Structures are given as structure tokens and as C-alpha cells.
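The structure appears right after this line, and notes come after that.
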Amino acid sequence: SLHSSMEAATSQDAERMQPGSPTASSVPVVSRASVFGGESGLSSELEEFDRSTKGERDQNDTFGLNFWDRLYAADSPTKEEPLKSQDEALRNAMMRRDDPFFDLYERTIRWKHGDASTDASVKRLVSDVGTTANNADIPTLKECRMFLRNDEAAAYRSRAQSLKHRLTNMVADTIAAIFIYISFTLTIESFVIVTHAVLATYFYCRRYTHFSAKLDFSFLAFSIVFPLTFLIQSVFSRRDQALQRLMDFKSALLSTALFTLTCDWTSKDGSPVGGRLMLPPNFNKIVLDDLRNLLQLVYQYLSMPSVAHARNMVFRPKQKSIRRVHAVQNELIQRLNKCMFDMSLHTEVMRRYGFPSGEASRLHQFHQYLQQRFEHLRALKYYRTPQSTRSFGRAYLIILPWLIGPYFAWVYEETNRDYGFTLTLAGFTYVILLGLLNTQRGLEDPFVPDPGIWTQGIDNVKLDYECAAILQAMAQYYSNAEALSLAAKTMSTGGDPVCDV
């Protein structure tokens, strides 16, 4: 058979090409004519081409074995599609393969048969094969860096080097840091906590002769600072995971949109493009609407208010909000599943009009990526940091002033009974602890900011911006796809695609 002869010739050539092989001189050379038949003109030209490139193949494996290995990989005639000759099978295989070696060989044969249109180009290709990469015009690193130049960044760096700009930035950053600190600490809860701490400290200061004691602050660090630090690390880790999953979802959604709106395939008349013209006229518009609806549903789900609070779990009237939010989220998931089903149907519609099955399988894989990334986002939205640790930190802020009060009574005694400094120190200590707790609360839901903080969403995922960027990109893809479709239709009717578009 054709494949058996190919494999025999390839294996014998590979053994003959090994340097130092003991059988290098004794192994008979199987000519290419014996593989493809000696009667046809293509087979004789193939053998002649083999002889003319023998020395070059001995010196360069890339042009030698690689060339013939790829040539032998050509498809043989099948029972379903009988071909007239083995030469026709080879030509069809070369037409189906996008390979520079096949292109070189085919153009060389046409040149040897007297096709003058390919004379100069083929001579250049045959003479320069194997040396083109060495003589390529490769830009220098300096030229590459000039291509990557960012004028705006260069201008900013030049301004930032001035002393005036540095001093201005230092003052501005300090004022902004104070503002952010106040926004995280100056809340209604902080007023209650500080008032409670000052009253407890005043109680112990009035009885300093009985309750003053120089206590170790390690108890404070163990009871409050360690749990709050653990919670802050956990919520920042969840925020980073949410951002990564959202970017994965964004990439999968845009890839789905780009593939579904622009991918083309072979038409019925055999043209390599034009198969997309057979789709229904409003197909792209329907796909865009479904993608927009899918993104809107994901946004609505992730932007739902947070109900994973201790008050919603303990008090019965507050449990109604949990049931209401969960009912809305369940409805959103059902609608989202409907959109995913429609996206799968779009792929099947494309396949019905000739879209290759392999490409359809890849597009279905994009749909699987979308569902997987959404489930990751849904889990980050629904499941939070340990509720018990959060409750411990909040309870300690209420209990601790009565346990650490004797220490502030000792400070009051050591400062010659100065109420102002003692009460200020006690209030400032609990404001710091409350600021750490508010930092954790602000990131508990990575998608929704805490409404109790002035600077809402300063560290949260910018969900509005990211979803708006996705909508903009999809609209751009749709506009470009419609322009390409109009150009393809114009070309199919014999018009000028540039003028018409």
C-alpha cells in the first residue's frame, strides 16, 4: 500500500542519514518513484528533486528528513473518496496542508514543467533554503525598545523627578492617608465603642487605689489583634481570588464572543471562506443579545447585598432578608442557565450550516469555561470568612475595656492623676482595633462595599468597571463582525468591498 511504502522509505532514509551508521553504505536507497509509481510525470520529477537536494539533505536534517517525513504524511486515497492516481492524492494532500515545504515542492515542480510565473521566486527559494533565517533583517534591542516607548509614562517620570513634585506628592499622600484613616474609624459604631471604653476607664480611674495594675498587653494582642490580622489576611486572599476568577470569566466570555461572531469556514462551493454567509441574517445580533444578557445576570448576582451577617442568622425577623435575597439569586441562576443553553444552541446552528465539528467542540469548551468561572465567583460570593472569628473580635471589643481597665488606672496613677491623657490613650487604643475590624468588614464581600464606611469600595473589586469594559469589547467585536460580513457579501456579489463598507 501507499502508506507502507512511505514508512519503509522513511525508516531506511532515517537509518542511512545517521552519521557513523555501519549500514550507511549497504542500505539500499528506496527511490521516491518506487513509492509513487514510476509512470507519472510527478513521480519522475519527485525523484529528480530528491537527487538534486541529496547533498543539501545530508548537511541539513531540517530540509532533508523533515521534508520527506512531512511529505510522506500526505493522505492516501480512501475507499470513500477514490482518486484517479497517486499523483492526484499527493497534490490534494499538499493543497490541504499549510506547510512551507509542500509549497516549495509544488512550486518547484511547476517551475520545472515550464511555468515561467514561478521561475524567479522558486529559484530564490531553492537556492536560499536553510539560510533565510541567518540573513533575516532582525531589529536591534534599541529599535525594539523604541517601538515599545510610552510617551505618557516617560513624561510622568520626568515630572516625578523634580523636588517640587516629590514634596507635593508627600503632602497629598499624608492628607489622603489621614482621610482614609478617619473614614474607617469615624463611624457610629466607633462612637459607641469609644464611649464605652472611656466610661470603663473612668470607672477604674476613680478607684485606682484598689484596681490599678501594670498588666501585660500580650493578652490584648492574643485576644483581638491576632484574630483581626488573620481575618484581614483571609479577606485580602479572597479578594485576590475573586479578581483572578473575574478576569478568567472575562477572558472566557470575550473569547466566546469573538469566536462565535467572527469565525468563518469553507463554503459550499469549496471556497476556504464564506460559509458564515449561510447563517441567518440576524444571527450575530441574537448572539450579542444573549452575551449581554449573560453578563448582566452575572453582574446582578454578584452585586446582590450581603446577608451573611450574624444578625441575619440569630434574629428571626432578619432571616427574611436571607430568604428574599436567596430567592432572587436562585431566579438569576435559572435565567443564566437559560442563556448558557442558548449559547450552546448557537454553536449547533453554526454546525448545521457547515461549521467544523472540531471547532464546535472548542466553542463548547469555552462555554464550559464560562460555567466553571461563574461557579467560582458564586462560591466566593456565598461563602465567607469564619463567622465565629468575626464574632469573637466584635465581642472582645465590648468586653476588653473592663478587663484592661486596671492598666489604664495604673497609667492614671503614674501620670499624677491626669484624666485627659489616660482617657485619650484608652479611646485611641480601641479606635485602632475598631479600624482593623472595619478594614476586614469592608472586604468581607469582595464585590459589594460596606455601606457603613465613607470610602466605599476603596479596596473592593471594581465590578462596575470590569463589566462595562466587557460590554464595550463585545460591542466592538459585533461592529467589526458586521463590517466583515458586509464585505464578504459584497465580494460574493462581485462588488468592491472597500467602497461598499
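The values are calculated or read from the model by the stated rules, or taken from the named source; none is laboratory data. No experiment lies behind these values; they were computed from the predicted model shown. No Cβ is skipped: glycine too gets one built from the backbone with ideal geometry, and neighbour counts run over all protein chains shown. Heavy atoms of the whole protein, side chains included, go into the accessibility calculation; ligands, DNA and RNA do not. Shrake-Rupley method; radii C 1.70, N 1.55, O 1.52, S 1.80 Å.
A few remarks follow.
- Placing pseudo-labels 7 Å out from each Cα toward the beta carbon at Met304 and Lys462 gives an inter-label distance of 2.7 nm.
- Residue order by solvent-accessible surface for Lys268, Lys320, Lys381, Lys250 is Lys268, Lys320, Lys250, Lys381, largest first, with ligands and nucleic acids left out and a 1.4 Å probe.
- Accessible surface, per residue, of the range 137-241 when the full set of protein chains is kept, probe 1.4 Å, Å²: 75 Å²
- Pair-distance distribution P(r) for the range 327-462, from all Cα-Cα distances in 5 Å bins starting at 0: 2, 8, 11, 11, 11, 9, 9, 8, 7, 5, 5, 4, 3, 3, 2, 2, 1, 0, 0 percent.
- Neighbour net charge for Gly274 - beta-carbon separation under 10 angstrom, K R +1, D E -1: +1
- Charge dipole (Cα centre; +1 on Lys/Arg Cβ, -1 on Asp/Glu Cβ; no other charges) of the range 298-438 amounts to roughly 760 debye.
- Projecting the Cα atoms of Asn438, Pro406, Pro386 onto the charge dipole of the range 369-445, computed from C-beta unit charges around the Cα centre, puts Pro386 farthest toward the positive end.
- Dipole magnitude of the range 146-254 about its Cα centre (Cβ charges: Lys, Arg +1; Asp, Glu -1), debye to nearest 20: 180 debye
- Arg207/Val328 FRET efficiency (R0 56 Å; Cβ-Cβ; nearest 0.05): 0.55
- If the segment from Lys489 to Leu471 were pulled out straight at 0.36 nm per residue, it would be longer than the present Cα-Cα gap by 3.8 nm.
- Residue order by solvent-accessible surface for Cys144, Cys205 is Cys144, Cys205, largest first, with ligands and nucleic acids left out and a 1.4 Å probe.
- For the range 127-250, a/c is not less than 1.5, where a ≥ b ≥ c are the root eigenvalues of the C-alpha gyration tensor, and a/b tops b/c. That puts it in the prolate class.
- Calculated FRET efficiency for the pair Asn480/Asp137, C-beta based, R₀ 45 Å, to 0.05: 0.90
- The equivalent ellipsoid of the range 198-282 has semi-axes of 72, 12, 5 Å, largest first, where each one is the square root of 5 times an eigenvalue of the Cα gyration tensor.
- Using the Cβ of Ile193 as centre and a radius below 14 Å, the other residues enclosed give a net charge of +1, where K and R count +1 and D and E count -1.
- In the complete set of protein chains, residue-level accessible area for Trp265 is approximately 10 Å², probe 1.4 angstrom.
- In the context of the full set of protein chains, the range 244-312 has a per residue accessible area of 44 Å² (1.4 Å probe).
- Largest accessible area first, the residues Lys142, Lys489 order themselves as Lys142, Lys489 under a 1.4 Å probe with ligands, DNA and RNA left out.
- From the alpha carbon centroid of the range 371-417 to that of the range 231-283 is 43 Å.
- The range 466-487 and the range 141-200 have Cα centres spaced 36 Å apart.
- The label-point distance for Ala172 and Arg149, in a model that sets each label 7 Å from Cα toward Cβ, rounds to 2.6 nm.
- Cα-based convex hull, the range 308-362, per residue volume (Å³, whole number): 68 Å³
- Around Thr209: net Lys/Arg minus Asp/Glu count, Cβ-Cβ under 12 Å: +2
- Using heavy atoms of the protein chains and a probe of 1.4 Å, the accessible area assigned to Leu403 is about 90 Å².
- In a reduced charge model with +1 at each Lys and Arg Cβ and -1 at each Asp and Glu Cβ, the range 187-328 shows a dipole moment near 780 debye about its Cα centre.
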